[in-house]
1. First check a/c for the range 59-228, with a ≥ b ≥ c the square roots of the eigenvalues of its C-alpha gyration tensor; if it is under 1.5, answer rounded, and if not, answer prolate when a/b is larger than b/c or oblate otherwise.
2. Among bridges DSSP assigns within the chain, what percent are antiparallel (round to 5)?
3. Measure up LYS291/LYS374; LYS264/LYS291; LYS52/LYS264; LYS182/LYS374; LYS264/LYS487; LYS464/LYS565 against 21 Å on the Cα-Cα distance and list the ones that go over.
4. Taking all pairs of distinct Cα atoms, average 1/r, flip it, and tell me the Kirkwood hydrodynamic radius of the range 213-262 in Å to one decimal place.
5. With the Cα gyration tensor of the range 173-232 giving a ≥ b ≥ c as the square roots of its eigenvalues, does the rule (a/c under 1.5 for rounded; else a/b larger than b/c for prolate; else oblate) give rounded, prolate or oblate?
6. Taking neighbour Cβ counts within 10 Å as the exposure measure, how do TRP42, TRP56, TRP417 sort from fewest upward?
7. Please figure out what share of the DSSP beta bridges in the range 371-562 is antiparallel and state it in percent, rounded to the nearest 5.
8. By count of other Cβ within 10 Å, fewest leading, how are VAL299, VAL149 ordered?
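Derivation of every value follows stated rules applied to the coordinates shown; laboratory data play no part. Please read all numbers here as calculations on a predicted model, not as lab measurements. Glycine also receives a Cβ, built like all others from the backbone with ideal geometry; neighbour counts cover every protein chain displayed.
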Amino acid sequence: MSGGVEVDIVDSGLSDAADALVEKLVGDAAASKLSAGDATLWGPDAEPEASKRLAWVTLHETSRPLVDELTALRRELHDDGVDRVVLAGMGGSSLAPEVICATRSGGAIGGEFPLVVLDTTDPMQVSDALAGDLSRTVLVVSSKSGGTVETDSQRRVFAEVFEANGIDAASRMVVVTDPGTKLADLARDQGYRKLIEADPGVGGRYSALTAFGLVPSALTGVDVGALLDEAAAVAPELARDSADNPAIRLAAAMAAAHGAGAEKVVLADTGSGLVGFGNWAEQLIAESTGKQGTGLLPVVVEGSPDADPGSAPGFGDHGSDATAVAVGPAESGAQVSVTGTLGGQFLLWEHAVALAGRLLGINPFDQPDVESAKQATRDLLAAAGDGSGGDGGAAADDAPIATDGPVEIRAAGDASWLGTPDTVIDAIQALVDAAPDHGYIAIQAYLDRLDDASFATLRPELAKATGLQTTFGWGPRFLHSTGQYHKGGHQNGVFLQITGSVADDLAIPGQPFTFGTLEHAQARGDAGVLAAAKNGGTPRPVLRLHLADRAAGLVALANAVRETKRSGARPDDGVVGR
């Protein structure tokens, strides 16, 4: 394993196709230029943005001063009896620390490890975090822009609940943000326990080794210095203009497969030991490449395909529209295997995706299609007024088309593709039938990803039933991840959005709306943006299923998915990536 990471292109056809692109990257000295921070690599249109977003290539060196500072902060908190860390952050502010803490503690995502991640607006999940031992809790408020609505809402409610329990809220707030943000000003004005300003020259999805990744991890006890050591060990190899450079090989494999029609990257963990790594890579790949009608859609699948051939549908039988990448040792069905340390893989994938952007002809550092859903949410919140309403703010003009037991069937925009469904089975079948050949299904669950975790089983069930590549995202966190690809990438997706009624809503101090209202506005806002966009002259199909009862609704959805079929088999056209 060279320097701590290794990329093995297992599939001989893909390896042959990638060779020309490897040669191109080597000939262009792309790897050494990237490591030197050369902003011209992606063309003149991308240069202004790239010139402000390349500080990540040296984070293994520039983040070193944080190690002692964070060690001292953790010691101070422990001296005060504070050892429970809650992280309020979205996207790049939460995905990396969750992987770091789960991996280093031997825990599991959603299980017991010493970091409570709040990347949600679901009132049930927020309430669960508030129900922990507040006397031992520190809140890390993490937002690059300083204005992330989810993070600000979480900060507000924690501050109020701290004070209500006789705890000085300011003493329990650690803020991570870019210099000059409103959040940085607030932290100073309120005298928060600690303000750590991150490197503004790093975009969110490349920030694993910045303060955004390191602060919450270090406060739980992770040796972040060792993580930086792992990245430093691979950095010289990733800077080499050589055909053996693992970043060049991974970039070339993904781009070569994409050029032959494999526009999706199916990621399965085959024993890497990096818990939840696919969720972090998902954002990096989708936001970096999904734009201008092109890109790579990451499809994160469950488990190891050799352990249970049915546990990772879409991996062993990935089809001509996808490339199967094993994060860990190569196993049956893998075309590419990526192995290495956690710090090494962070840096490897960042380099590889940036180089893939050059090969795809896109700017990997912008996200032009993210703001539209945020604006739609703001518009809905303004229209909702005080947020009063029966199910967390569902408006009267959002009436169901039909109701089947605990499930209300709704759609966004022009729903001519849906027909007149009487049952959930009819509705899901219509959505699947609306998917084009080599398209994909995106399941978007605006629910509690801890208590409602079993909803994720819908992904493999629907993938097996239809043969279509199927993704699963918890809302609203996927809006900071694959949401960019949905709007800017290949326009062949259909969308199954799931929302649920809120039994006990939660007020957001100082705001005219509740968490439930915010969550439903985010769901409806994104659905509206998706449905308004065009796909060959036709609106994207968006099916909205609202669960009056979450538990009973899951049963109904699972039964409906089992009844769903995809007419016709996916053709084997011999394209590289099969």
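1. rounded
2. Approximately 25 percent, going by the DSSP bridge assignments.
3. LYS52/LYS264, as the Cα separations exceed 21 Å there.
4. 13.2
5. It comes out oblate by the Cα gyration axes.
6. TRP417, TRP42, TRP56
7. Working: 11 of 30 bridges.
About 35 percent, rounded to the nearest 5.
8. Details: VAL299 30, VAL149 21.
Fewest-to-most Cβ neighbours within 10 Å comes out as VAL149, VAL299.
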